[in-house]
Ligand SMILES: Cc1cc2nc3c(=O)[nH]c(=O)nc-3n(C[C@H](O)[C@H](O)[C@H](O)COP(=O)(O)OP(=O)(O)OC[C@H]3O[C@@H](n4cnc5c(N)ncnc54)[C@H](O)[C@@H]3O)c2cc1C
Ligand SMILES: Cc1cc2nc3c(=O)[nH]c(=O)nc-3n(C[C@H](O)[C@H](O)[C@H](O)COP(=O)(O)OP(=O)(O)OC[C@H]3O[C@@H](n4cnc5c(N)ncnc54)[C@H](O)[C@@H]3O)c2cc1C
Ligand code: FES
């Protein structure tokens, strides 16, 4: 059992939890995820590690309510327990393997879509602690859905915002900002894009044109998260890979995004049935 | 003639997940035991992978001394209730029985199961625990290899902790083999409870290699030896076109959703979608389990296998039950492509006819494609049950552990000693996908090797 130490709403349907899980906290690295099972009847859902505190033994996760399990989760409160919390899973971000010397002169551009700001947070934090230059773009539908802006600014990097309705930052999409920054003469060694698959697809198409190495983090459907089932398989560079053990981060220019999107919808009808079943979601 | 064993009626069983084979009663077991000739050659023992003294335990059943029979079995096999249910007896013990030459072999598996269940149901303590040694040993993975290694070490007086990646202990016994063949509450959970009674601690949700490394187990957590029983859980795919279409599952995914996550029960959250016509590719136990699970979820199920029924590696009983339950066998057939509709869902397969020509070095007939024999069949779910390879996480993250070109951990045959000091391994992680009895035996053997290692290690 894993205790919820803290719970905060970051937006109407986005919740941050701080969970007591000392073993996970001790080994966690940016880019990795956990598998959570809320209760005996729950499914195993993957969530990115958003922050960790090794001395307190806590791990933070940010959950966007999209269906039955995330809804059930959002209803939990500080002091409640989560039945299973397994991790860290997946490979750490590639830059974790680089030494300070190798990182020193690199420039990174992070592009987050919606709740994608949560998974990029630990990466930016890690790089900024080593003094590496990072720019960050956050895109969302509207102002209320922009999360972690101040927290990321506090890490000492410039944050650019785009919203669909123009309620914050520029009116437009994250790709507009990527284009603008590059046109203004900024150069980047690598772009890291995390968010909805469609967003990662379009960012990757653009950066391919711009010839910038791009890493994306895929959120395929998973069951075990340990390489045992193949539910998370994706095609990267024409080869089948398992997101949980080979990823979750892949070369953005090689991913078959249309397949990822199709596979994500595999259980849509089932999920809708379940959603009605589990009563209306009234967590917000 | 064998004493027939009671089974659930076909009409009933295809609507539920209850165990199909009901096992012997005391009377039936004693009657069946009396068929054993107690012959001198005892070929049954020679053909048992762990050499259980079969005539002796059967002798005790004849005399109704069931506890004595249990003592004999447990000397060799720590999981008789399970092995009695899942061992391929027809090619092991029962395949050696002289009665089988003219008629039917003694039902050794059913008798073993009877004794195993007798012990579980009557809470009989078969173990005599040795005094505590105050030494810690870690066991990674809780399948049959890990479970038997842990129980043997605990009996020898070690403080044992099992680390399991999933949320439930049991390995393939809980996530793979279905309830209708191996009941979870009645058998697997009980075996695990017995382990807890021996003082073994089980930590779930720990992925060794990720949550803690092997080195940390030694350096930070104070374990003096480690056993790796992480199995061969990584599913293989065929590499044919369309394999990533929606509705194509590995057998592991399909069975995990159904067994571990109990997706077939409405009150559980994990979804499982199954069509009206299901194709299962493969001819082993895994294929039969997937097919029979799909039958219970209401589908018309085809087994697609490239050789003939005679070459199928599945247990005879499973093939027999699958047929009884209406599974259709399309043999000498191999998929060449999976066809998907415009939304990416499976709609059918291109299949090719095969014929058998000659034999390979292992003596198995070789399937060869029949040219120009391609045809299309409609299916809406495809389940791949064509094998698995060892889980890679530990070997990925620990360079001291050597693996071979099949990704199996390299060990010394007799002891299970790996290339890393103090680390032993056994079961499917070493052999590749094999059997419960071999994994159980390897775990037990490694436990004795670890005992030997730690007894001679004077710190
Ligand atoms: C490695 C990884 C990291 C992730 N990190 C986070 C995270 O930090 N925060 C977060 O909120 N979510 C994250 N996700 C996604 C999260 O796991 C899913 O949103 C969740 O499992 C949905 O469960 P549900 O029962 O609430 O919704 P469901 O009822 O299962 O689904 C509702 C709808 O969401 C869609 N959906 C289902 N699964 C996914 C998915 N994996 N990605 C996108 N859409 C999906 C379905 O098609 C369906 O239409 C991550 C996924 C992966 C694989
Ligand atoms: C569907 C199916 C049906 C079968 N039917 C039969 C049958 O009828 N008869 C028969 O004899 N055999 C059968 N088998 C084969 C048999 O189940 C296996 O040979 C046996 O379970 C192997 O045991 P094991 O202990 O080596 O590994 P497993 O049972 O695979 O257990 C390994 C465990 O280790 C865990 N693990 C893996 N990596 C890590 C890690 N890094 N950290 C922590 N834990 C980890 C896994 O989660 C798993 O729980 C079947 C297999 C399947 C899949
Ligand atoms: S989630 Fe099962 S293999 Fe990746």
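The values are calculated or read from the model by the stated rules, or taken from the named source; none is laboratory data. None of the values given here were measured: they were computed from a predicted structure. All Cβ positions, even for glycine, are placed from backbone atoms using ideal geometry, and neighbour counts span all protein chains on display.
Residue-by-condition table, conditions (1) out of contact with any helix residue (DSSP H, G or I) (no Cβ under 8 Å at 6 or more places or on another chain); (2) closer than 30 Å to residue B:206 by Cα; (3) surrounded by fewer than 20 Cβ atoms within 10 Å (Cβ to Cβ):
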residue	(1), (2), (3)
B:228	no, yes, no
B:237	yes, yes, yes
B:240	yes, no, yes
B:289	no, yes, no
B:292	no, no, no
B:320	yes, no, yes
B:324	no, no, yes
B:335	yes, no, no
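Given the condition more than 27 Å from residue B:233 (Cβ to Cβ), within 14 Å of chain A (Cβ to nearest Cβ) and in contact (Cβ under 8 Å) with a residue 40 or more places away in the chain, answer yes or no: does some residue in the range B:341-359 qualify? Within the range B:341-359, one or more residues are more than 27 Å from residue B:233 (Cβ to Cβ), within 14 Å of chain A (Cβ to nearest Cβ) and in contact (Cβ under 8 Å) with a residue 40 or more places away in the chain. Identification of strands (runs of 3 or more DSSP E) wholly contained in the range B:351-459 with 2 or more residues that are modelled with pLDDT under 95 yields B:365-369. The residue pairs whose first member lies in the range A:1-27 and is over 17 Å from residue A:39 (Cβ atoms), whose second member is at pLDDT below 95 and within 16 Å of ligand 2 (Cβ to nearest atom), and whose beta carbons are closer than 6 Å, counting only pairs six or more residues apart or on different chains, are A:24/A:87. Evaluating residue B:313 against the criteria (1) more than 21 Å from the chain's Cα centre (by Cα); (2) closer than 27 Å to residue B:87 by Cβ; (3) in a loop (DSSP other than H, G, I, E, B) leaves one unmet condition, (1). When each of A:71, A:50, A:134 is tested for being closer than 14 Å to residue A:215 by Cβ and away from ligand 3 (no atom under 16 Å from the Cβ), the lone residue that passes is A:134. In the range A:227-273, counting only strands (runs of 3 or more DSSP E) that sit wholly within it, the ones holding 1 or more residues that are touching a residue at least 60 places away in the same chain (Cβ under 8 Å) and touching a helix residue (DSSP H, G or I) at 6+ places or on another chain (Cβ under 9 Å) span A:249-251.
Within the group B:67, B:59, which residue is surrounded by fewer than 18 Cβ atoms within 10 Å (Cβ to Cβ) and farther than 21 Å from residue B:103 by Cα?
Residue meeting the stated conditions: B:67.
Being modelled with pLDDT of 95 or more, more than 9 Å from chain B (Cβ to nearest Cβ) and not in a helix (DSSP H, G or I) is not true of residue A:35. When B:172, B:160 are screened for being within 14 Å of ligand 2 (Cβ to nearest atom) and touching a residue at least 24 places away in the same chain (Cβ under 8 Å), only B:172 passes.
Every condition in (1) over 21 Å from the mean Cα position of the chain (by Cα); (2) closer than 26 Å to residue B:116 by Cα holds for residue B:270 except the one numbered (2). Note on the range B:70-107: residues that are part of a helix (DSSP H, G or I) and over 24 Å from the mean Cα position of the chain (by Cα) amount to 4.
Annotation for the range A:184-192: at least one member residue is within 16 Å of ligand 1 (Cβ to nearest atom) and on the phi < 0 side of the Ramachandran plot.
Yes or no, residue by residue, for (1) modelled with pLDDT of 95 or more; (2) farther than 21 Å from residue B:249 by Cα; (3) at the interface with chain B (Cβ under 8 Å from one of its Cβ atoms):
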site: A:232; (1), (2), (3): yes, no, no
site: A:239; (1), (2), (3): no, no, no
site: A:251; (1), (2), (3): yes, yes, no
site: A:267; (1), (2), (3): no, no, yes
site: A:270; (1), (2), (3): no, no, yes
site: A:280; (1), (2), (3): no, yes, no
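On inspection, residue B:334 fails the criterion of being within 14 Å of residue B:177 (Cβ to Cβ) and not assigned by TED's automatic domain parsing to the domain that holds residue B:167.
I'd like to check something: does the range B:215-225 contain any residue that is within 14 Å of ligand 3 (Cβ to nearest atom) and either under 16 Å from the mean Cα position of the chain (by Cα) or buried (at least 24 other Cβ atoms within 10 Å of the Cβ) (or both)? Among the residues of the range B:215-225, not one is within 14 Å of ligand 3 (Cβ to nearest atom) and either under 16 Å from the mean Cα position of the chain (by Cα) or buried (at least 24 other Cβ atoms within 10 Å of the Cβ) (or both), which makes the answer no. Please work out if residue A:224 is within 11 Å of ligand 3 (Cβ to nearest atom), touching a residue at least 60 places away in the same chain (Cβ under 8 Å) and at the interface with chain B (Cβ under 8 Å from one of its Cβ atoms). It is true that residue A:224 is within 11 Å of ligand 3 (Cβ to nearest atom), touching a residue at least 60 places away in the same chain (Cβ under 8 Å) and at the interface with chain B (Cβ under 8 Å from one of its Cβ atoms). In the set (1) modelled with pLDDT under 90; (2) more than 16 Å from ligand 1 (Cβ to nearest atom); (3) assigned to a loop (DSSP other than H, G, I, E, B), the condition left unmet by residue B:194 is number (3).
Yes/no per residue for (1) assigned to a helix (DSSP H, G or I); (2) more than 16 Å from ligand 3 (Cβ to nearest atom):
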| site | (1), (2) |
| --- | --- |
| B:111 | yes, yes |
| B:118 | yes, yes |
| B:124 | no, yes |
| B:152 | yes, yes |
| B:162 | no, yes |
| B:165 | no, no |
| B:168 | no, no |
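When restricted to residues that are under 23 Å from residue B:207 (Cα atoms) and at the interface with chain B (Cβ under 10 Å from one of its Cβ atoms), the range A:70-91 contains 9.
If only residues of the range B:250-269 that are buried (at least 21 other Cβ atoms within 10 Å of the Cβ) and within 8 Å of chain A (Cβ to nearest Cβ) are counted, the one that is farthest from residue B:185 (Cα to Cα) is B:250. The strands (runs of 3 or more DSSP E) found wholly in the range A:81-142 and carrying at least 3 residues that are within 16 Å of ligand 2 (Cβ to nearest atom) occupy A:84-89. Residues that are out of contact with any helix residue (DSSP H, G or I) (no Cβ under 7 Å at 6 or more places or on another chain), buried (at least 24 other Cβ atoms within 10 Å of the Cβ) and away from chain A (no Cβ under 14 Å) within the range B:127-153 are absent altogether.
Is it the case that residue B:427 is more than 16 Å from ligand 3 (Cβ to nearest atom), closer than 30 Å to residue B:279 by Cα and surrounded by 21 or more Cβ atoms within 10 Å (Cβ to Cβ)? Against the criterion (more than 16 Å from ligand 3 (Cβ to nearest atom), closer than 30 Å to residue B:279 by Cα and surrounded by 21 or more Cβ atoms within 10 Å (Cβ to Cβ)), residue B:427 qualifies. Would you mind stating whether residue B:393 is more than 16 Å from ligand 2 (Cβ to nearest atom) and within 27 Å of the chain's Cα centre (by Cα)? Against the criterion (more than 16 Å from ligand 2 (Cβ to nearest atom) and within 27 Å of the chain's Cα centre (by Cα)), residue B:393 does not qualify.
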